[in-house]
Amino acid sequence: MITPFGHVGVLYGGRSAEREVSLMSGTGVCAALRAEGVDAHLFDTGTRTLIDLANAGFDRVFIALHGRYGEDGTVQGMLELMRVPYTGSGTLASSLAMDKIMTKKVWLECGLPTPAYAVLAGAADFDRSIADLGLPLIVKPPHEGSTLGLTRVTEASQMPAAYALAARYDAQVLAEAFVAGRELTVPILGKGSTARALPIVEIVAPQGNYDYEHKYASNDTQYICPARLDPALAREVQRLAVESYTSLGCEGWGRADFMLDAQDRPWLLEMNTSPGMTSHSLVPMGAKAEGMSYSQLCLTILQSASCKVQPPPGSY
C-alpha cells in the first residue's frame, strides 16, 4: 500500500506503569489510520527490541506510548538518531513535561499559575511540607501519569502511607498544594505561533475522585465539552494552555490539565505530551467538539510528524 505517509509505525505498549492504557491508545490509533488508507502497523516497544525497530523500515511513527520510556524523551532521542520523523514533542520538551517538578519550575519562571509545591526526600520533610502548603495537599510521583501513586492527604497521619505509595513509582516525591474546584483539560495542536487550543473539557468524577478507574474503566465520570464557562474565562484558560505548552517547547499535540478554584482562577497542574487516545480519552473529545473525527485527529497528528533536531550541513 502506497500512501503519502509511507510505511507508518504506531509505537504502543512499552514498559511503563501506563502500559495497559497505551495498548488501548495504540490499537485505536492504528485502526483509525488504517481506515483512512494509511499503511500503519503496531509496534510494541515493551516486547520488541531497538534492532527490530531499526529494521522495521518505518518512514514515520505515531507515538502512542504513555509514561516512562515513551513520553519522557527516551524514544524521541532514539528516533532522532535514526532520523525517523515522529509525532509529538522533541526530546527536551518531552523530558521537561514528564518531570512535574521541572515543569513547575519553568512555569513559575514564566509567571504561569501553578499550585505551590515541595519536594519530599523522606519523613523529615513531612512537617515542613504541611506547614508550607497546608492541608489538604496532594502527594504524587513526579514522573508518572494517570494519577498513579497519587494520594490526597487530609491529615498529617496520612503522610507516611502517601509518601510510601508515591515512592513505589519514583525516586522523588512531589507534594502539592490542593486546589478545590472544577477539573478542566485543554487539548492543544500545533507548534509555536501556530499552536491552538481545542474546546475545553470539564471532568466531573464521582465525589471528585478522577482516579485510574474513573479515567479508563468506569462510565460514571461525566465529561462536558465545551465546558460551561464564561466566554472570557474560557479564552483565558485556552490562552494559558497554549502558553504553558509553548513555554516547555512542546509541539505537535498535547494536553494541559487545570483546576479552576472557587474564585474562577485557573491553576496549571501538568502537561501531557503523549495523551491518551482511548474511548475515554480527552483529546478526542475536544477535537469532536470542534467537528474533527477521531480519524481526522489521528491524521492531523501524523501529518505533523518530524525530526526536531536538524543535522548540520555535510553530516550523515
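The values are calculated or read from the model by the stated rules, or taken from the named source; none is laboratory data. Treat the numbers as computed from the prediction; the structure is a model and nothing was measured. In this analysis, Cβ positions are derived from the backbone assuming ideal geometry, glycine residues included, and neighbour counts consider all displayed protein chains.
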field: Selected residue (criterion: nearest to L240 (Cα to Cα)) from residues of segment 193-211 that are within 18 Å of the chain's Cα centre (by Cα) and either in a helix (DSSP H, G or I) or at pLDDT below 85 (or both)
entry: Y210
- request: Look at S129 and say whether it is exposed (fewer than 15 other Cβ atoms within 10 Å of the Cβ) and modelled with pLDDT of 95 or more.
  value: no
field: Tabulated pairs, segment 274-300, first in a helix (DSSP H, G or I), second of a type in the set (F, W, Y), C-beta under 6 angstrom, 6+ apart or interchain
entry: P284/Y294; M285/Y223
message: Every residue in segment 95-112 that is closer than 20 Å to T147 by Cβ and either outside any helix (DSSP H, G or I) or in contact with an Asp or Glu (Cβ under 6 Å, 6 or more places away or on another chain) (or both), please.
response: M98, D99, K100
Single residue of segment 226-267 satisfying the filter (among the polar types (S, T, N, Q) and in a helix (DSSP H, G or I)) that is surrounded by the most Cβ atoms within 10 Å (Cβ to Cβ): S244
query: Can you name the residue in segment 15-30 that is assigned to a loop (DSSP other than H, G, I, E, B) and surrounded by fewer than 23 Cβ atoms within 10 Å (Cβ to Cβ) and, of all such residues, is modelled with the lowest pLDDT?
result: A17
- prompt: When you go through (1) under 17 Å from T278 (Cα atoms); (2) touching a strand residue (DSSP E or B) at 6+ places or on another chain (Cβ under 6 Å); (3) surrounded by fewer than 22 Cβ atoms within 10 Å (Cβ to Cβ) one by one for L33, which number turns out not to apply?
  reply: (3)
task: Please give the number of the condition V173 fails out of (1) surrounded by fewer than 16 Cβ atoms within 10 Å (Cβ to Cβ); (2) touching a residue at least 12 places away in the same chain (Cβ under 8 Å).
output: (1)
- request: Report yes if R48 is without any contact (Cβ under 8 Å) to a residue 40 or more places away in the chain and basic (K, R), otherwise no.
  value: yes
query: Is it the case that I138 is in contact with an Asp or Glu (Cβ under 6 Å, 6 or more places away or on another chain) and crowded, with 16+ Cβ neighbours inside 10 Å?
result: yes
task: Determine if segment 114-133 includes at least one residue that is within 21 Å of A180 (Cβ to Cβ), in a loop (DSSP other than H, G, I, E, B) and more than 23 Å from the chain's Cα centre (by Cα).
output: no
message: Is it the case, given these coordinates, that Y12 is surrounded by fewer than 18 Cβ atoms within 10 Å (Cβ to Cβ), aromatic (F, W, Y) and either under 23 Å from G149 (Cα atoms) or at pLDDT 95 or above (or both)?
response: no
statement: From the option list A31, A93, A40, single residue qualifying as hydrophobic (A, V, I, L, M, F, W, C) and free of Cβ contacts under 8 Å to residues at least 12 places away in the same chain is A31
- prompt: Among the residues of segment 268-316 satisfying the criterion of being β-branched (V, I, T) and over 13 Å from S25 (Cβ atoms), which is surrounded by the most Cβ atoms within 10 Å (Cβ to Cβ)?
  reply: T273
